[in-house]
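A short write-up of the structure that comes next.
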Amino acid sequence: MSICLSLVYFLFSSILFTSSLFSQTRDNDPVLLVAPIQGPINTEFQEFGPTMTPDAKTLYFYSKRSNRGYTEIFKSERNKDGTWDFPEEVSVLNSAFDDQSPFISRDGKTLLLSSNRDGAIEVMLPDGKVGISRDLYVSNWDGKVWSTPVALPSPINTEEIEENPHLLGDTLLFTRYPFGKPNLAKVFYSQFQNGQWSNPKPLPSPINDSHATIAAAFNDDGKILFFASNRPGGYGGFDLYMAKIEGEKFTDVENLGAPINSSEDEAYIVFQQVKKTFLFCRRVEGKSFDIFTASVPKQENIVQKKLEETKKISLDSVYFERASSVLKPESSAPLDSIVDYLHENSDKKMKIIGHTDLTGTFEDNMILSKDRAESVKQYLVSKGVEPKRLVTEGKGPTQPVVQGTDEESSKKNRRTEFVLLNP
């Protein structure tokens, strides 16, 4: 088996304005660069459960490194050369017990983790002893520090083990299995509705099957699911897989192939949008899990180059429903390039200007252009950009690129402009 082509398509579709679809080797195979994460992150101890802040500048993971004998959550800051600094414990998130599986939401304001700290649900074991299950906890970011983690309520937490949380919008994914029986692990999901979490249900086949399935994660738009499984047909042990999401169904399940999967165990893969990089974990032969990265060769960032040169960029590839401010799905890719720029340049502020074509009434177009600019702003905010960094304006039909009402002219005039503002 070779690398999953769907994965390469996914990576390249997240990189805009490339001159070709694939960067290829001499053997005409797609390039995917896989390597241990750079910096003093991996040790002889286990490193697992990586997650990053939206700006890709801070890495969180868990490891057992102290003489206390418990797993703890660590963080590391990215250096200017792209390597990671020496990690430090995140004391506010850790307890005197096992703290694992950190996950940071796309807006950077919520952190979920798994822990068997005081307050976790007790389990009566077959031998009469009492065990402590691992439950899911939530912490919130106030702009400076994380809050003390609080346990999620029933029906999320049970006597069974809950770990590997992943949150997208109102949907929570997590791994659950009976105490001491990880071979029975399944991925569950719950939705936050009317102020409470729905009763968790296992994901349907073909995600869960008769083998262990763990650590599922969505991509940013919720159209792809990544997960780990030890089902037959893989490279050995646990392998990483991806599946397409079509409504409530999962289709086209594919093994991610080499060089991501190996004869050892791989698990817990997440995609970092800003750096166009996957983080995943691999059990190094004869050792414990380490954190690895998988990425395509670096592409020229046209958006960043244009903004640095002219302080503005105009995109006619941001599409809306006809006579509406509702963004079409295909607008995600160009807008994500703006998101990435703003995350990498956290000191920058930006004006979003909507323009319409020359058809329709002046009054309607002025309102529509303003609403579309606001819609774009809300999209950027949903991706973790602070609202105070963005202002909007609608120019309607007052600044056409070309004169004309034919479709070609109208397409050029219907555009969204992004202008950097002075601090």
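Data for the structure
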| quantity | calculated |
| --- | --- |
| DSSP beta bridges in region 302-421 [antiparallel fraction, %, rounded to 5] | 65 |
| Burial order of peptide ranges 229-239, 103-113, 401-411, 313-323 (average beta-carbon count within 10 Å, highest first) | 103-113, 229-239, 313-323, 401-411 |
| Span-like helix ranges in the chain, DSSP H, alpha carbon extent 20 angstrom or more, Kyte mean at least -0.5 | 362-382 |
| Percent antiparallel among DSSP beta bridges (both partners in the chain, rounded to 5) | 95 |
| Listed residues Leu173, Leu256, Leu125, most fluctuating in the chain (Gaussian network, C-alpha, under 10 Å) | Leu125 |
| Net charge dipole size for region 127-206 [Lys, Arg +1 and Asp, Glu -1 on Cβ; Debye, nearest 20] | 140 |
| Sparse-neighbourhood loop sites, GluC sites (Glu not before Pro) in region 218-272 - DSSP loop, at most 14 other Cβ within 10 angstrom | Glu248 |
| Values of log10 I(q)/I(0), in the order q = 0.10, 0.13, 0.22, 0.23 Å⁻¹, for region 302-421 under a Debye, Cα-only, solvent-free model | -0.27, -0.46, -1.28, -1.37 |
| Gyration tensor (alpha-carbon) shape descriptor, region 281-343, a/c threshold 1.5 | oblate |
| The chain - charge dipole about Cα centre, Lys and Arg +1 at Cβ, Asp and Glu -1, debye rounded to 20 | 740 |
| Over region 5-295, relative contact order from alpha-carbon pairs under 8 Å, at least 6 apart, % | 15 |
| Among Met242, Met366, Met124: highest mean-square fluctuation, GNM of the chain, C-alpha pairs under 10 Å | Met124 |
| Cβ-defined net charge surrounding Asn422, 12 Å radius [Lys, Arg +1; Asp, Glu -1] | +3 |
| Cβ crowding within 10 Å averaged over residues, with 329-336, 290-297 ranked highest first | 290-297, 329-336 |
| For the chain, calculated [θ]222 nm from helices alone, where every DSSP H run of n ≥ 4 adds -39500 (n - 2.57) | -4500 deg cm²/dmol |
| Gyration tensor verdict on the chain (Cα atoms; rounded if a/c is under 1.5, prolate if a/b is larger than b/c, oblate otherwise) | prolate |
| Value in Å of the Kirkwood radius, where region 307-357 supplies the Cα pairs that are averaged | 12.4 |
| Between region 243-306 and region 96-163, the alpha-carbon center distance in angstrom | 26 |
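Read-outs: derived from the displayed coordinates by stated rules, not from any lab. Quantities reported herein were computed from a predicted structural model and do not represent experimental measurements. When we count neighbours, we look across all protein chains shown, and the Cβ atoms used for this are built from the backbone with ideal geometry, even at glycine.
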